[in-house]
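Asker: Submitted below is the structure of interest, expressed as structure tokens.
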Amino acid sequence: MDSARPPAVDSAQLRPRAASVLATSAKALYWYARGVRKRTQPVSMTLGIDDVRIARAWLRTRTDWHGDDVVLDYEDAFARWNGSPFAFAFTGARKALSACIDALGLGPGDEVLVPGFTCVVVSNAFRHAGVDIRYCDIELDTYGLDVRSVESRIGERTRAILIHHLFGLVCRDYDALVALARSRGLRIIEDCAHATGARYRGRRVGNAGDVAIYSSERSKVFNTIVGGMAVTSDPALADRLRRTAHGWDLPDDAAIERQLRNVLLDYYCLRHEMSQVLCPLVTARHGWARLESTGPGELRGRLPADYCTRMSNPIAALGLNQLRKIDTTNDSRRRTAQRWNRWAIDNGYRIPVVIPDSEPVFLRYPVLVAPERKRDRTWAARELGISLGVWFLTHVHPADEVVTGCPNADVAVASCVNLPTLLP
Ligand SMILES: *Cc1c(COP(=O)(O)O)cnc(C)c1O
């Protein structure tokens, strides 16, 4: 156990006091149960004892929490690794997206084309800026935007196209979408939240458009519990992104501390072999408050109070460590995907398309199943011994916003499940 001093603030939330011993015990039991079920938890798969050591060290000494030297190192390391001239770290990919929207000068009166199979925080980022969204259909080879749908929906006010590389697959119409945007004078924003490290023609995805975002949320390719990055190769956009990033606040100490403690909780409760024993101990020591990346207000489209925040030093230190491991973990994801390919072929499922000259990362392995198999998640545990991921349950996951005119997205909502590619 580390010897971090109790925090000055937020201690009621994070550390059990005598009066709440009972509640803490109940919660420890809950975490104990989660630990027992840890093999079915598809999050924080890349956390190791090395990350725990880093989190503990930062919990012990707070002197450098408010500097930005580690953040600048992290941005630099990410930029180099990603082959991007400029990178800026935020407390989430959605915030990186908001900074990109700002840098691109998008605002009220403008319209953006977005896949009708996305995450609510993506749509929120545009709405927060007053930008109108027009949903376009996806294709079912890689779940990316269908260029024909995009072409038919470009209007007078369209300023940008958001393309994504879902599940870590490089999207099928990548070249065509970039060419279309160039020919029509539209900006390209790449959502690489699932695809950090994927390559197309030897370059990492995210470098073909104007700006791109990456996520290090705990269910994504690499993990700082929450975190995100924006990149660009355009010096003018980089200046604007830098100004935005540096104008935003650091999270408060309580938020940073909670995030560091979540590294310990996730590791000891979800990953460690002896989680049955260690999870209750770590929970009693560090509290149970799990950091949720998306709160209920945000799900309904509200702007969280702490939204405009850039990344802090302790979290950047975790990011640097995760970056050291990312190529190895992505290799093992690709190897598991090969096994899922064989399984899919043997069972008559359609396999996801890896477009020529691309190297996907396979954050998850997507497959279309009968709708009843998507609704009933238990079969995968029973038949395959794995937990089924169901991104995305709705068109604008997990919000129930109505999206019309996207028949392929309708199919994906009804039938697309995903299988884990990092197995315990
Ligand atoms: C998770 C996710 C995001 C947002 O990432 P955060 O780091 O959680 O803000 C954006 N787009 C897609 C497709 C995602 O799955």
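The values are calculated or read from the model by the stated rules, or taken from the named source; none is laboratory data. Fair warning: this is a prediction, and the values are worked out from it, not measured in the lab. Note that each Cβ is placed from the backbone with ideal geometry, even for glycine, and that neighbours are counted across all protein chains shown.
The rows are residues; the columns are (1) closer than 18 Å to Y74 by Cβ; (2) not β-branched (V, I, T).
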position	(1), (2)
E217	yes, yes
I225	yes, no
G228	yes, yes
G247	no, yes
A254	no, yes
Q259	yes, yes
L264	no, yes
M274	no, yes
V277	no, no
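Asker: Given G301, G319, which one is at positive phi and either assigned to a loop (DSSP other than H, G, I, E, B) or touching a residue at least 12 places away in the same chain (Cβ under 8 Å) (or both)?
Answerer: Within the list G301, G319, the selection yields G301.
Asker: Within segment 275-310, which residues are at pLDDT 90 or above, closer than 21 Å to G48 by Cα and within 16 Å of the ligand (Cβ to nearest atom)?
Answerer: none
Asker: Follow-up question, since we're still on this one. Among the candidates L104, L166, L180, which residue alone is touching a Phe, Trp or Tyr at 6+ places or on another chain (Cβ under 8 Å) and in contact (Cβ under 8 Å) with a residue 12 or more places away in the chain?
Answerer: L166
Asker: Now for a different question. Within segment 136-161, count every residue that is part of a strand (DSSP E or B), surrounded by 23 or more Cβ atoms within 10 Å (Cβ to Cβ) and of a type in the set (V, I, T).
Answerer: Total meeting the criteria: 2.
Asker: Look at G67 and say whether it is surrounded by fewer than 23 Cβ atoms within 10 Å (Cβ to Cβ) and either under 26 Å from G301 (Cα atoms) or within 16 Å of the ligand (Cβ to nearest atom) (or both).
Answerer: Considered against the rule, which asks whether it is surrounded by fewer than 23 Cβ atoms within 10 Å (Cβ to Cβ) and either under 26 Å from G301 (Cα atoms) or within 16 Å of the ligand (Cβ to nearest atom) (or both), G67 comes out as no.
Asker: Another one. I need the full set of residues from segment 112-135 which are outside any strand (DSSP E or B) and within 13 Å of the ligand (Cβ to nearest atom), in order please.
Answerer: G116, F117, V120, V121, V122, S123, N124, A125, F126, H128
Asker: I225 is checked against (1) more than 14 Å from the ligand (Cβ to nearest atom); (2) in contact with a Lys or Arg (Cβ under 6 Å, 6 or more places away or on another chain) and fails just one. What number does that condition carry?
Answerer: Condition (1) is where I225 drops out.
Asker: Let me ask you something else. Considering segment 382-401 alone, what residues qualify as being surrounded by fewer than 14 Cβ atoms within 10 Å (Cβ to Cβ) and farther than 18 Å from V122 by Cβ?
Answerer: R382, E383, L384, G385
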